[in-house]
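Asks: Before I ask anything, here is the structure I am working with.
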Amino acid sequence: MAELVQRSKFTDSGFAWIVTVASFLALYALAANIFSLGVLLPDLLEHFQVPQGMLGMLGSAKMLICDVTCGTLIGPLVRKVGCRPLAMVGLALSAVGYPSAAFANNYYSFLIMFSILPGLGQAGIVIPCNVIVHQYHRKRRALASGLSTVGMSLASFSFPVIMRLTIQSFGWRASLVLTAAIHVQMVAAAMMFMPNPDLRVKLTPRHPDKTGTMDDALETDKKEVNAQEADESNEPSKKCNVDFSIFRNPAFLLYLFGTPLALCGASVFIGFALQRAVYQGIEPVHASFVLSSFGIGALALTFKQLDASLQLESPAEYLRWLAAPLSCIRYLQAVLDS
């Protein structure tokens with residue numbers, strides 16, 4: 001049987017961490033895509049004069065298109081075309097959709113430009129950003145994956161305030177152009193999502209030092225591999241590899257039914273929390289910190305998970321980690337007030 005030789009020049013190398021940083025930046029743009037509706041909602045209500053339910057459809061349509069496209073199209077395409085083209089196309093679609101939405105005066109044209117195009121772009125970012133990190137890391141894969149997802153937490157903390165300040169200074173249309181500019185910049189980061197050359201295997205002769213040419217040895221190895229594949233194809237294939245006993249696990253059932261509810265709650269919070277704060281008389285810029293609290297909490301807990309040396313053994317330590325994000329938000333509010 002032929003011997004498969006795999007190089008390890010790029011896996012776990014310095015370039016692998018560059019790819020991780022590129023994934024971090026692309027996921028920052030992804031989170032900006034997700035949080036944009038919640039920040040824009042007060043201004044969209046005033047401009048389009050439509051019920052909140054119709055504006056909520058903007059976020060629902062975007063998430064529906066993203067989820068359906070990820071499962072049916074992007075997943076198979078990752079194996080065929082690779083991560084780099086999909087991520088670049090996804091970021092480009094979002095970069096085209098947002099400035100187009102800035103010039104839309106009709107609700108339905110705004111729905112197409114703001115939800116459908118960025119929804120497709122969002123689908124092209126999610127899976128490639130995670131797959132490419134796994135391809136380049138083996139020893140510290142968990143650490144690299146955690147660091148790349150920090151980009152989403154950082155964006156959920158900083159982007160609502162940045163976008164709200166842009167709206168206050170230049171208007172909501174300019175904030176859409178700002179979001180598009182972020183996606184354009186991240187296209188350069190997606191260019192780093194090249195396939196890992198270490199994953200390409202090649203056949204080498206088993207006995208290169210014996211009599212015969214290299215071509216003869218390679219031809220013999222290819223025949224042995226083809227014969228083995230023919231033997232395996234004659235074996236009866238398994239009809240189903242799913243272990244249904246997992247459905248008897250209470251923890252899995254809790255995860256199965258609890259995750260959709262948790263995601264729905266998070267989506268409602270991201271979409272309508274800022275508008276609720278505005279209704280209660282809070283200034284829109286200060287209300288954006290409601291969304292930032294969501295991000296700073298995720299950011300603090302992400303860093304905690306990355307630091308395996310820290311052990312939270314007492315309730316006081318838990319409270320300290322929860323108080324840190326609130327302190328950051330209060331400091332930023334004081335800076336804005338001054």
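The values are calculated or read from the model by the stated rules, or taken from the named source; none is laboratory data. Since this is a predicted model, take the numbers as computed values, not measurements. Every residue, glycine as well, gets a Cβ built from its backbone with ideal geometry; the counts of neighbours run over all protein chains shown.
Asks: Taking the condition at pLDDT below 90, of a type outside the set (Lys, Arg), in contact with a Lys or Arg (Cβ under 8 Å, 6 or more places away or on another chain) and surrounded by fewer than 18 Cβ atoms within 10 Å (Cβ to Cβ), does Leu203 pass?
Replies: Against the criterion (at pLDDT below 90, of a type outside the set (Lys, Arg), in contact with a Lys or Arg (Cβ under 8 Å, 6 or more places away or on another chain) and surrounded by fewer than 18 Cβ atoms within 10 Å (Cβ to Cβ)), Leu203 qualifies.
Asks: Follow-up question, since we're still on this one. List the number of the failed condition for Ala2; all other conditions in (1) within 22 Å of Gly121 (Cβ to Cβ); (2) aliphatic (A, V, I, L, M); (3) surrounded by fewer than 21 Cβ atoms within 10 Å (Cβ to Cβ); (4) modelled with pLDDT under 90 hold.
Replies: Condition not satisfied by Ala2: (1).
Asks: Okay, next question. Checking the conditions here, which among Ile65, Ile112 is in contact (Cβ under 8 Å) with a residue 40 or more places away in the chain, farther than 22 Å from Phe170 by Cα, of a type in the set (Val, Ile, Thr) and in the same structural domain as Gln185 (by TED's automatic domain parsing)?
Replies: Matching residue, one of Ile65, Ile112: Ile65.
Asks: Can you name every one of the helices (runs of 4 or more DSSP H) wholly within region 35-128 that holds 3 or more residues which are out of contact with any Cys (no Cβ under 9 Å at 6 or more places or on another chain) and more than 29 Å from Arg276 (Cβ to Cβ)?
Replies: Details: elements: 52-69, 75-81, 83-102, 107-111.
Hits in region 35-128: 75-81, 83-102.
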